[in-house]
Amino acid sequence: MLELLTRLLTLEWRRSGAAIREADVLGARIWYADFSPSRERSAGPPLARSGGRAPAVPDRPRAPTVILLHGLGASAASFHPVIGPLRRSYRVVVPDLPGYGWSRPPKGRGFLTFGELVDTIEAFVASVAPRGAYLAGNSMGGWLATKLAARRPDLARGIALLNPGGPALNAEDWVDFARVLTAADASAVTQLVSRMFHRPPRALRFLAKDLFRLLRAPPVMHLVATLRSEDFVTAAELGRVACPSVLIWGEDDRLIPEGCRSFFLEKLPGVRHEPIPDCGHCPQLECPRRTAEILLQLPRLRRRRPRDPAEAA
């Protein structure tokens, strides 16, 4: 059922003008949808005047690119509700991460470690937006965006973190999350969904088996099992983030530790905090209008100078 819905969504994206592309990145095959800004679309060439010459058309500034990074076990489809509004100001690029959706890891590999995933996304961003892009990521996608902004300031023009995971918290803070994620029976999906959403969509009950299969898929289980201490986001890394940043937080998120929000607010200098009440772990799905409004403001935020080691100390 979920695969059918994804195929229908891809057809809808094509109909609305998206270019569906694939890119070979570090051996991985990344599928992505590329939406041109709606303001740059037109019905055709300008009409010619009576003298036969077309009227001059002023050059429009090229719209910036925003790349939307989905969370663990999800796909590009999870950002569908916000793509339309974002096209008013951005070129919107929405990839499936390798091993998720239609994207594939390198030949002979069933999954990528988190470190390999960061390397692959860095190369992907450099390929589709060599002059840099705004990065918006939900959950693990926000974790990836943070890592990339810390190590490649030339590629991250700004970051928007939607209920991001990844902070280097105490191990016990993640015990409850790990228990829910690794539960061995399909009934655990009901608990997972109730923790993710303020008001779980009714349609999700028909997709319970599909969701359970996604959460037990090798790319998800192996990534979690192979996480290393250096994969987590540290205060030092956040100190190196120079681009504008905004933390969008659905306040009814009961999936990841509340300490994640506190960590980013305390350690990411200059971050703008945008709490969304009556919203769970995926603001782009549950509160798309407000989420899109915040993302559209990202280019207006000021860039700051990165913190030097002496200041950090």
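Okay, residues lined up against (1) at pLDDT 85 or above; (2) out of contact with any Lys or Arg (no Cβ under 6 Å at 6 or more places or on another chain); (3) not in a loop (DSSP other than H, G, I, E, B):
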{"site": "42", "(1), (2), (3)": "no, yes, no"}
{"site": "57", "(1), (2), (3)": "no, yes, no"}
{"site": "60", "(1), (2), (3)": "no, yes, no"}
{"site": "63", "(1), (2), (3)": "yes, no, no"}
{"site": "66", "(1), (2), (3)": "yes, yes, yes"}
{"site": "78", "(1), (2), (3)": "yes, yes, yes"}
{"site": "81", "(1), (2), (3)": "yes, yes, yes"}
{"site": "85", "(1), (2), (3)": "yes, yes, yes"}
What is the residue count in segment 119-130 for residues that are in contact (Cβ under 8 Å) with a residue 40 or more places away in the chain and either within 16 Å of the chain's Cα centre (by Cα) or surrounded by 21 or more Cβ atoms within 10 Å (Cβ to Cβ) (or both)?
8
Sort out which residues of segment 87-110 are part of a loop (DSSP other than H, G, I, E, B), under 19 Å from residue 8 (Cβ atoms) and touching a Leu at 6+ places or on another chain (Cβ under 8 Å), and write them in order of number.
103
Given the conditions (1) over 16 Å from the mean Cα position of the chain (by Cα); (2) surrounded by fewer than 22 Cβ atoms within 10 Å (Cβ to Cβ), which single one is not true for residue 105?
(2)
From 119, 154, residue being of a type in the set (Asp, Glu) and either closer than 24 Å to residue 4 by Cβ or not in a helix (DSSP H, G or I) (or both)
154
Report, by residue number, each residue of segment 228-244 that is touching a helix residue (DSSP H, G or I) at 6+ places or on another chain (Cβ under 6 Å), closer than 28 Å to residue 285 by Cβ and in a loop (DSSP other than H, G, I, E, B).
241, 243
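Residues are listed down the side, and each one gets a yes or a no for (1) of a type outside the set (Val, Ile, Thr); (2) closer than 27 Å to residue 236 by Cβ; (3) modelled with pLDDT of 95 or more:
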{"position": "261", "(1), (2), (3)": "yes, yes, yes"}
{"position": "269", "(1), (2), (3)": "yes, yes, no"}
{"position": "273", "(1), (2), (3)": "yes, yes, yes"}
{"position": "278", "(1), (2), (3)": "yes, no, yes"}
{"position": "289", "(1), (2), (3)": "yes, no, yes"}
{"position": "293", "(1), (2), (3)": "yes, no, yes"}
{"position": "297", "(1), (2), (3)": "yes, no, yes"}
{"position": "303", "(1), (2), (3)": "yes, yes, no"}
{"position": "308", "(1), (2), (3)": "yes, yes, no"}
May I ask you to say which residue of 265, 247 is within 11 Å of residue 162 (Cα to Cα) and not in a loop (DSSP other than H, G, I, E, B)?
247
Residues to consider are 135, 112, 117, 97; find the one that is under 25 Å from residue 301 (Cα atoms) and touching a helix residue (DSSP H, G or I) at 6+ places or on another chain (Cβ under 9 Å).
135
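Residue under question is residue 213, and the condition is that it be at pLDDT 85 or above and either surrounded by fewer than 17 Cβ atoms within 10 Å (Cβ to Cβ) or closer than 15 Å to residue 165 by Cα (or both); does it hold?
On the way: at pLDDT 85 or above: no; either surrounded by fewer than 17 Cβ atoms within 10 Å (Cβ to Cβ) or closer than 15 Å to residue 165 by Cα (or both): yes.
Here the answer is no, as residue 213 does not meet what is asked.
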The residue that is nearest to residue 267 (Cα to Cα), considering only those in segment 157-168 that are outside any loop (DSSP other than H, G, I, E, B) and touching a Cys at 6+ places or on another chain (Cβ under 7 Å), is 167
Test: residue in segment 231-245 that is at pLDDT 90 or above, among the aliphatic types (A, V, I, L, M), under 20 Å from residue 82 (Cα atoms) and touching a strand residue (DSSP E or B) at 6+ places or on another chain (Cβ under 6 Å):
no
Return the only residue of 280, 259, 270 being of a type outside the set (Lys, Arg) and at positive phi.
270
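The values are calculated or read from the model by the stated rules, or taken from the named source; none is laboratory data. Given the structure is predicted, the values throughout are model-derived calculations rather than measurements. Using ideal geometry, Cβ is built from the backbone for each residue, glycine included, and neighbour counts are taken over all protein chains shown.
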